[in-house]
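Colleague: For reference, the structure I am asking about is given below.
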């Protein structure tokens, strides 16, 4: 399968050309949803398909709070099913931000 038609914006810290999009799909999803533009997010959802995105994104180690809320609503998954949400709840910050 060809690579999705996405920009390099979310991948500033890695060699974009060397990413194996099938093998490291969760990594790609995390980066694009957290740091990529809207067009890239749509491209990733089309490339992997919603069933695969739903299955894998719940295992993400880190999702920004607005991203978590967005994915929870769009994919119809409760926040408590996301691994990153459970980690946030078990390690609260000592101050609100």
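The values are calculated or read from the model by the stated rules, or taken from the named source; none is laboratory data. Everything quoted here is computed from the prediction, not taken from an experiment. Cβ placement follows ideal geometry from the backbone for every residue including glycine, while neighbour counts extend to all protein chains displayed.
Colleague: If residue 77 passes every condition in (1) assigned to a helix (DSSP H, G or I); (2) at pLDDT 95 or above but one, which one does it miss?
Modeller: In the conditions (1) assigned to a helix (DSSP H, G or I); (2) at pLDDT 95 or above, residue 77 misses (1) alone.
Colleague: Pairs only if they're at least six apart or on different chains, beta carbon under 6 angstrom, first in the stretch 54-65 and under 17 Å from residue 76 (Cβ atoms), second part of a loop (DSSP other than H, G, I, E, B); list them, first residue then second.
Modeller: 54/75; 58/82
Colleague: I'm trying to understand the selection: among the residues of the stretch 54-74, which are in a helix (DSSP H, G or I) and touching a helix residue (DSSP H, G or I) at 6+ places or on another chain (Cβ under 7 Å)?
Modeller: 56, 57, 67, 68, 71, 72
Colleague: Considering only the stretch 6-53, state which residues are part of a loop (DSSP other than H, G, I, E, B) and either more than 26 Å from residue 72 (Cβ to Cβ) or without any contact (Cβ under 8 Å) to a residue 24 or more places away in the chain (or both).
Modeller: 8, 12, 13, 14, 15, 19, 20, 22, 23, 24, 49
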